[in-house]
Amino acid sequence: MTMQDQILRTPESCFAGLSQFAFAPHYLALASKTGPELRLHYLDENAGQPLTALLLHGEPTWSFLYRHMIPPVVAAGFRVVAPDWIGFGRSDKYARIEAYSYQLHVDSLRALIEQLDLQRIVLVCQDWGGPIGLRVLAEMPERFAAVLATNTLLPTGEPPPRGVADWPGAGIRQWVDFATVATDLAIDEIVASVAVQRLAPEVLAGYRAPFPSPAYKAGPLAFPRLIPISEHMPGYDENREAWQVLERFNAPFVTAFSDSDPSTQPWAAVFQQRIPGARGRRHPLIPGAGHFVQEEQGGELARVLLELMHEVS
């Protein structure tokens, strides 16, 4: 990152009237060594409760993804915190793709946890929420009471049973190659393309909302380039170190992957086999959902989450 990196902030008018998304915004200032502070947005419902569901989104979504899950968790008396990664949602956005790094997102999440002093966290991670959230868990496992992993991964390049055969496959490599040369992404089309159901226009508008022009999309364009698909990439060694901690993690660890996301489904078995807290547990397969299970089957995923939260409360 350089002193010349421009920081963009999506106008609040872009978020007006979003469907089923009336949650109050909260902001955290993140210090930067080479430029102005970054503003990280997060939702914080039912603050003050001792057990917190930390809901982490992935590519190319934002906390809007969790709007179906937040109300039942709050109604059950638990706290919910759902951040937007830098470059997404209501959070600030670098204009340069090269300003983003895997470590930036890890550091941002750690800062949020420390500044809110979250102590009893039930981590809910999907897509990039896993590679980021599980890395932070490995750095401060004492703060985490349980994990619910859905349609996510933590890659290390290892063969089965420690990894997934032929990963990254051709689909991942094509996605990385495309994003490396692309200057724009059709956010709504990406979300719709991996859904089992037909998503309503107002739902797709919600996913487009943070990105009023291609200038705001450096974050989504950067994420595919940050996937550690080779041992020379940042995050590759750090993920292997994180797995060393996860292989000693005895707190409850549940996988609830969807039935129609072939790109991530093999990773459920890796988590179940390698993490002590996952062994001997029921790991539901959620029907009727593609990659973004929270969008299509948020109520069912919330039910699984609440069962886990009641267990550890």
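Looking across the stretch 102-150, the residues that are among the aromatic types (Phe, Trp, Tyr) and touching a Gly at 6+ places or on another chain (Cβ under 6 Å) come down to 102, 128. Look at (1) within 16 Å of residue 43 (Cβ to Cβ); (2) in contact with a strand residue (DSSP E or B) (Cβ under 8 Å, 6 or more places away or on another chain); (3) surrounded by 23 or more Cβ atoms within 10 Å (Cβ to Cβ) and you find that residue 93 fails only one, number (1). Looking across 131, 168, 160, one residue alone is assigned to a loop (DSSP other than H, G, I, E, B) and either modelled with pLDDT of 95 or more or surrounded by fewer than 15 Cβ atoms within 10 Å (Cβ to Cβ) (or both). It is 160.
Those residues that are part of a helix (DSSP H, G or I) and hydroxyl-bearing (Ser, Thr, Tyr), I need them from the stretch 214-271; list them, please. Across the stretch 214-271, the qualifying residues are 216, 236. Within the stretch 10-69, restricting attention to residues that are of a type in the set (S, T, N, Q) and more than 20 Å from residue 94 (Cα to Cα), which residue is modelled with the lowest pLDDT? If we take residues in the stretch 10-69 being of a type in the set (S, T, N, Q) and more than 20 Å from residue 94 (Cα to Cα), then 19 is modelled with the lowest pLDDT.
Restricting attention to the stretch 186-196, does a residue exist that is among the charged types (D, E, K, R), touching a residue at least 12 places away in the same chain (Cβ under 8 Å) and not in a helix (DSSP H, G or I)?
The initial filter retains those residues of the stretch 186-196 that are among the charged types (D, E, K, R), namely 188-189.
Adding the requirement that they be touching a residue at least 12 places away in the same chain (Cβ under 8 Å) leaves 188.
So of that shortlist, the ones also not in a helix (DSSP H, G or I) come out as none.
No, that holds for no residue.
The sole residue among 73, 106, 81 that is more than 18 Å from residue 187 (Cα to Cα) and in a strand (DSSP E or B) is 81.
Please indicate, with yes or no, whether at least one residue in the stretch 71-93 is of a type in the set (A, V, I, L, M), farther than 27 Å from residue 134 by Cβ, at pLDDT 95 or above and in contact with a helix residue (DSSP H, G or I) (Cβ under 6 Å, 6 or more places away or on another chain). Quick ask: steps written out before the conclusion?
Pass one, the stretch 71-93, residues of a type in the set (A, V, I, L, M): 73-76, 80-82, 86.
With farther than 27 Å from residue 134 by Cβ added as a condition, the list becomes 75.
Right, trim to at pLDDT 95 or above and you get 75.
If we keep only those that are in contact with a helix residue (DSSP H, G or I) (Cβ under 6 Å, 6 or more places away or on another chain) too, we end up with none.
The answer is no; no qualifying residue exists.
The values are calculated or read from the model by the stated rules, or taken from the named source; none is laboratory data. Predicted model, so just to flag it, every value in this text is computed and none were measured. In this analysis, Cβ positions are derived from the backbone assuming ideal geometry, glycine residues included, and neighbour counts consider all displayed protein chains.
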